[in-house]
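Contents: one structure, followed by commentary.
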Amino acid sequence: MGISSAVPCCSVWSRQTQLRWLTSFHRRILAQQSVTSALGTLQQGKLPGAPTRVVSVPWGVSPRGRRVLHAPSSSFQEVMLTSERYRVQRLPFSCVSDSDVAFFEHIMPGRVITNPEELKPFNVDWLKSVQGCSKLMLKPQTTAEVSQALRYCYERNLAVNPQGGNTGLVGGSVPVFDEIILSTVLMNRIISFDKVSGILVCQAGCILEKLNEYVEEQGFIMPLDLGAKGSCHIGGNVATNAGGLRLLRYGSLRGTVLGLEVVLADGSPLDCLASLRKDNTGYDLKQLFIGSEGTLGVITAVSILCPQKPKAVNLAFLGCQSFTKVLETFTTCRAMLGEILSAYEFMDEKCMELVERHLKLSSPVTGSPFYVLIETSGSNSTHDEEKLNNFVELAMTSGLMLWSLRERITEALTHDGYVYKYDISLPVGKLYDLVTDTRVRLGQSAKNVVGYGHLGDGNLHLNITAESYSHSLLDAIEPFVYEWTARYNGSISAEHGLGFKKKQFIQYSKPNEAVFLMQRFKAMLDPKGILNPYKTLPSSS
């Protein structure tokens, strides 16, 4: 089937409105055809005056297709060491010796990496913004091996950096100095799946996309969906409390994760791998580890509730003349689409310019300062189409226009230079004001200041690009962005975590009493501080 038949489109034109439906993206076709081809087809398919129609999509035909993180073009050698760029002092941990390597080889033969070339990609984050100098990586396959390794590291006072798919954006997944990298890449076994309840139990190293493919075959989907789903691990998702594109519909991992298996800093395994929807016996310990970023324990297995996959999925893209219109459209969507609304994403025109410039993707519609992507998913295609048609009719009378292209913005940004990334939660009415004020503050010192994100849950991705890293530009951005966020009772980290880059700014979102209590938890569960040091929490001193 050619791309032209895979992406049917009709347009409705009025003086101020252009409407487009972009539907029926088949995952297999998107793997073979570039987005450029799809957009080219849309441009050729302009049919002024044609009636609007909505084409429902069976869930097996994914409108999102396959998203893969493309690494920035910078080489590893160009990345400055984190310790030098941020002037960090190494804590008094032991250094890895030959006898240490021999011990690890004994408990996991053939899965101990010491070759500097092999270690390079695991020492650098995906953004190529931070770099450690670990000389050793371990690849355990079982919880027992993780337990043995951590028990030894605890006794020897060796610092450990747990690592999943290394797709984090705040420097939390790579070493700062020479911490041992403990990779979950080989812990990729699905333990069980209950086809009645939809409860999946798997090891922490399972790739999110592979899990989604597995449960789809059983009539379910994973409750989260991320741009990095082809690389990220479910254990890392849980450790960072990742949000993503399905949070509006299915909620956060704090609600869908039913149980965890965790190994503590001293090697003690903690089996809280429950598969029960309701369990009110004592403290809910798993919540300590969700979002803890590997600083309290290493997650080795996850029990998670998967929703049934919807039978009909539709996408709509809109262009809006102001951010106020973006908000009005969201209000209308919630009122008219109700229970079938599953995603509401927004992006500004600067994002589109970068995607066009760096990825050579042409836009079928131009001229709007803001664009919105709306996804619906439900069980009755006729019912969903009727709701969407009603929304389209109202959209036309309100001066809205459908559009395309939300994905690959992150990739385009990396081609624009060094990226300063901020993941902010704010009241939706103030969401874009931060972008505007930051743009005014930085002026010509920044190459581009753009904003996009999950408006449905109040999550802004503020991105600032420059030709290269500049400490003076960083000083102009921070703490300004965090002070602005705190002024409007927002959060300085909506879904990326604090990692290394944001740990010193936690007070902008949490009171001192809360930070002190967190530090007490850390001291209790990891007295020597060997788990992911220099991350998440400011120094207790």
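The residues of the stretch 195-335 expose on average 37 square angstrom of accessible surface per residue, using a 1.4 Å probe on protein heavy atoms. The largest accessible area among GLU478, GLU483, GLU386 belongs to the first residue in GLU386, GLU483, GLU478, and the rest follow in falling order (1.4 Å probe, all chains). Relative contact order of the stretch 82-183: 34 percent, from C-alpha pairs under 8 Å at least 6 residues apart in sequence.
Kirkwood hydrodynamic radius of the stretch 190-305 from all distinct Cα pairs, in Å? 14.1 Å is the Kirkwood radius here. A simple spin-label model places the labels of ALA486 and VAL101 4.6 nm from each other, with each point 7 Å out along Cα-to-Cβ.
Solvent-accessible area of MET222, all protein chains in place: 0 Å² (probe radius 1.4 Å, heavy atoms, ligands and nucleic acids excluded). Give the residue list of chymotrypsin sites (Phe, Trp or Tyr not before Pro) in the stretch 446-521 that are DSSP loop and have at most 10 other beta-carbon atoms within 10 angstrom. Loop-located and lightly packed - none at all. Between GLN89 and SER379, the C-beta separation translates, for a Förster distance of 51 Å, into a calculated FRET efficiency of about 0.35. Taking all protein chains together and rolling a 1.4 Å probe, VAL185 ends up with roughly 60 Å² accessible.
I want the local charge near LYS430. Using Cβ-Cβ distances under 11 Å, sum +1 for each Lys or Arg and -1 for each Asp or Glu among the other residues.
-1
Inter-label distance, ARG277 to ASN157: 5.1 nm, where each label sits 7 Å from its Cα along the C-beta direction.
The values are calculated or read from the model by the stated rules, or taken from the named source; none is laboratory data. What you are looking at is a predicted structure, and each value in this text was computed from that prediction instead of being measured. All Cβ positions, glycine included, derive from the backbone under ideal geometry; neighbour counts span all protein chains shown. Surface areas here come from the heavy atoms of the whole protein model, side chains and all, with no ligands, DNA or RNA. Shrake-Rupley method; radii C 1.70, N 1.55, O 1.52, S 1.80 Å.
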